[in-house]
Amino acid sequence: MQYLLLIYSDENLSDPATLQEVTAAHMRLGAELQEAGAMVGGNRLRKSDSATTVRNVGGAQSLHDGPYAETREQLGGYYLVEAPDLDAAIAWAKKIPGGPNYAVEVRPIWPIG
Amino acid sequence: MDAERILGACVRDAGDRIRAALAIRFRDFDLAEEAFAFACLRAVETWSRNGPPRDPAAWLYAVGRRRAFDLGRRAKVRGAAVLEPPDPAPDPESLLIAAFEPIPDERLRLIFVCCHPALAPEARIALTLRTLCGLSIERLARVWLTSETAMLQRITRAKRKIRDARIRFEIPEPGAWGERLEAVLATLEIAYAQAYEDAAGACDAADLAHETLRLSGLLAALLPKEPEVLGLATLIRLAESRRPARLDPSGAMIPLSEQDVRLWDPELINEAAQLLQRAAQEGRSGPYQLMAAIHATHAARRETGVTAWRCVVTLYDFLLVARPSPLTEVNRAVALAEVMGVDAGLDALRAADRIQPLCDWLPYQAARASLCARAGRSAEAALALRAALALGPAPAERRFLARRLEELSA
C-alpha cells in the first residue's frame with residue numbers, strides 16, 4: 001500500500017534559523033525513510049503564486065493564475081509529469097479526466113540543491 | 001545636435017524593439033531593463049561628447065547587450081544565474097562592429113510571454129505595457145488607480161511566475177496557439193477598454209490609448225494572416241477615431257449617435273477599413289471582426305449621413321452567438337430600438353436582465369434611461385439615471401448623465 005503525505009505549511013516562513021532547522025529535519029526524515037525502504041518519492045513545491053489552475057466546468061476549460069482555493073472539492077489524486085515548459089504541463093493537465101466540475105492545479109517542482 | 005533629443009527619438013522609434021531583443025536574448029526582464037537604462041544613460045554622455053553614432057538604435061542595443069553580459073557575469077560569479085560566456089572586453093572598435101549587427105525583432109515572442117494565459121489578466125497588461133512600451137510603474141499605477149507598491153508587486157510576481165513555472169520565451173506551439181493568441185488579444189482589449197472608459201481621457205488614459213493602438217498595429221504587422229488580430233486592430237482604430245468627438249465644451253460625454261462626424265479622424269478610419277478588408281479575405285470570422293464591423297457600420301455615417309441600424313442589429317445577433325455577454329445584449333437592445341421602436345428595445349433590455357441581473361451595472365442603467373426617456377416614461381428614466389449616477393461613472397459620463405437628469409426634471 002502506498003500513501004501520499006501532504007504537507008501544508010506557511011510558505012512565507014522566512015526566518016533563516018527555522019528554515020535551516022526544517023530543511024535539516026527533512027533530510028533526516030528522508031534518510032530514515034530510505035533506510036526503512038519506505039521512500040517512494042517526495043518533492044518540494046514552488047510557492048503557490050507560481051501555480052496555474054485549469055478549471056473544468058461542464059466540459060469547458062479555463063486557466064487561472066494561482067492555486068486551487070475552493071473548498072467544495074477535495075484532493076483526489078495526482079500525476080507527477082516531466083514537461084519542458086508550462087504550456088506542455090498545462091496540456092497534460094487538460095487531459096486529466098474528472099466529473100462535470102473539477103480543477104487541476106499545476107505547480108512546479110522546486111528541485112532541492 | 002542634441003544628444004537627448006536624438007535619444008528620445010530613437011527610444012520612441014526603436015525602444016520597444018531593443019527592449020524586446022534584450023529581454024528575449026537574456027531571458028530576464030530585470031536584467032534587460034537595467035541594461036537598457038544603462039545604455040540610455042551612457043548614450044547621453046557619449047553622444048554629447050563625440051556626436052551621435054550613425055545608427056543610434058544599434059548603438060543602444062550593442063551597449064545594452066554588453067551591459068547585460070557584464071551584469072549576468074557578475075550574477076554568475078555570485079552563483080545566482082547561468083548565462084552565455086560574455087563578449088570580449090569592450091573596446092571602441094568592437095562597439096563599432098557590433099553596431100552593424102541588426103537588432104533581432106523579438107517583440108512577438110515577448111508579447112506572447114507577457115500575455116501568457118497562466119498570468120492573471122491585470123498582470124499581463126501591466127507586464128506588457130512595462131516591458132514592451134516602457135511605461136513607468138508610476139504611470140501604470142495611476143491608470144489602474146492603485147498604489148505604486150501594489151503595481152510593482154503585480155509586475156514582480158508575474159516575472160517570478162514566468163521564471164519559476166517556466167513559461168517559455170518562444171512562440172507557442174500550434175496546439176496551444178489558439179488559447180495563447182486569445183490571451184494576447186484579450187490583454188490588449190482590456191487595456192484599451194481602460195483607456196477608452198473616460199472620454200475626458202486625461203493624459204495617462206490618452207497615453208495608454210496611444211500605446212494600445214500602437215501595440216495592436218504592431219501585432220497586426222507581425223501576424224498579418226490572423227484575421228482576429230486584424231479585427232482587434234480595426235476595432236481599436238475605429239473607437240479611437242471618435243476620440244475628438246466624444247466631449248462637448250463643458251467636458252460632458254457626447255453619445256455616439258449625437259457626435260459630430262466631421263470630428264472623427266479620417267486617417268484612422270481609413271487605416272481601419274483596410275485592416276478589416278484584409279481580415280475578411282482570410283475567410284475566418286470571429287468576435288473581434290464582428291465588433292470591428294459594428295464600429296465600421298457606425299463609422300460609415302461619416303460618409304452616408306445615416307446609420308444602418310438593421311445591419312448593426314444583425315451583427316450583434318452574430319456576436320451574441322460568437323461571444324455572449326451582457327454588454328452585447330445591452331448594445332443590441334439599443335440598436336433594436338432604432339429598427340423596431342423603443343418598446344422592442346426596452347423588451348430586449350428586460351430579457352437581458354432576466355438572463356443575468358444587470359440593475360447594478362452602469363451600461364444597463366444608462367441604456368434604460370435613454371430608451372425610457374425616448375418612450376416618454378420620464379419617471380422611470382429619472383430612476384435609471386439616478387441608479388447610473390450611483391454606480392460611479394467616469395467624470396465625462398457623469399456630467400452627461402447629470403445633465404440628462406436635469407433636462408428630465410425641467
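The values are calculated or read from the model by the stated rules, or taken from the named source; none is laboratory data. Please read all numbers here as calculations on a predicted model, not as lab measurements. Here the Cβ positions follow ideal geometry from the backbone for every residue, glycine too, while neighbour counts run over all protein chains shown.
Key figures
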quantity	calculated
Search result, residues across the stretch B:257-282 that are surrounded by 15 or more Cβ atoms within 10 Å (Cβ to Cβ), of a type outside the set (Gly, Ala, Ser), part of a helix (DSSP H, G or I) and under 22 Å from the mean Cα position of the chain (by Cα)	B:Leu268, B:Ile269, B:Glu271, B:Leu275, B:Leu276, B:Arg278
Residues satisfying the stated conditions in the stretch B:360-386, i.e. free of Cβ contacts under 8 Å to residues at least 24 places away in the same chain and of a type in the set (A, V, I, L, M, F, W, C)	B:Ala379, B:Leu383, B:Ala384, B:Leu385
First in the stretch B:117-132 and within 9 Å of chain A (Cβ to nearest Cβ) and surrounded by fewer than 24 Cβ atoms within 10 Å (Cβ to Cβ), second anywhere and part of a loop (DSSP other than H, G, I, E, B) and not basic (Lys, Arg), Cβ under 8 Å, 6 or more apart	B:Ala120/A:Gly66
Answer residue from the stretch A:46-80, given it is closer than 20 Å to B:Ala118 by Cα and among the basic types (Lys, Arg) and is farthest from the other protein chains (Cβ to nearest Cβ) among those	A:Arg55
Every residue from the stretch B:133-183 that is in contact with a Lys or Arg (Cβ under 8 Å, 6 or more places away or on another chain) and within 14 Å of chain A (Cβ to nearest Cβ)	B:Ile155, B:Ala158, B:Asp164, B:Ala165, B:Ile167, B:Phe169, B:Glu170, B:Ile171, B:Pro172, B:Ala183
Qualifying residue in the stretch B:229-252 (condition: assigned to a loop (DSSP other than H, G, I, E, B), in contact (Cβ under 8 Å) with a residue 24 or more places away in the chain, surrounded by fewer than 17 Cβ atoms within 10 Å (Cβ to Cβ) and out of contact with any strand residue (DSSP E or B) (no Cβ under 9 Å at 6 or more places or on another chain))	yes
Pair list, Cβ under 9 Å, 6 or more apart: the stretch A:90-102 residue within 14 Å of another protein chain (Cβ to nearest Cβ), other residue modelled with pLDDT under 90 and part of a loop (DSSP other than H, G, I, E, B)	A:Ala91/B:Glu173
First in the stretch A:12-38 and surrounded by 11 or more Cβ atoms within 10 Å (Cβ to Cβ), second anywhere and charged (D, E, K, R) and not in a helix (DSSP H, G or I), Cβ under 9 Å, 6 or more apart	A:His26/A:Arg44
Flag for B:Asp360 being in a loop (DSSP other than H, G, I, E, B), closer than 23 Å to B:Ala193 by Cα and of a type in the set (D, E, K, R)	yes
Residue match in the stretch B:27-43 (condition: crowded, with 22+ Cβ neighbours inside 10 Å, outside the structural domain of B:Ile167 (by TED's automatic domain parsing) and out of contact with any helix residue (DSSP H, G or I) (no Cβ under 6 Å at 6 or more places or on another chain))	yes
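Rundown of residues vs (1) out of contact with any Asp or Glu (no Cβ under 7 Å at 6 or more places or on another chain); (2) assigned to a loop (DSSP other than H, G, I, E, B); (3) assigned by TED's automatic domain parsing to the domain that holds A:Glu32; (4) under 22 Å from B:Lys159 (Cα atoms), yes/no style:
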{"site": "A:Asn56", "(1), (2), (3), (4)": "yes, no, no, no"}
{"site": "A:His64", "(1), (2), (3), (4)": "yes, no, no, yes"}
{"site": "A:Pro67", "(1), (2), (3), (4)": "no, yes, no, yes"}
{"site": "A:Glu70", "(1), (2), (3), (4)": "yes, yes, no, no"}
{"site": "A:Gln74", "(1), (2), (3), (4)": "yes, yes, no, no"}
{"site": "A:Gly77", "(1), (2), (3), (4)": "yes, yes, no, no"}
{"site": "A:Leu80", "(1), (2), (3), (4)": "yes, yes, no, no"}
{"site": "A:Pro84", "(1), (2), (3), (4)": "yes, yes, no, yes"}
{"site": "A:Trp92", "(1), (2), (3), (4)": "yes, no, no, no"}
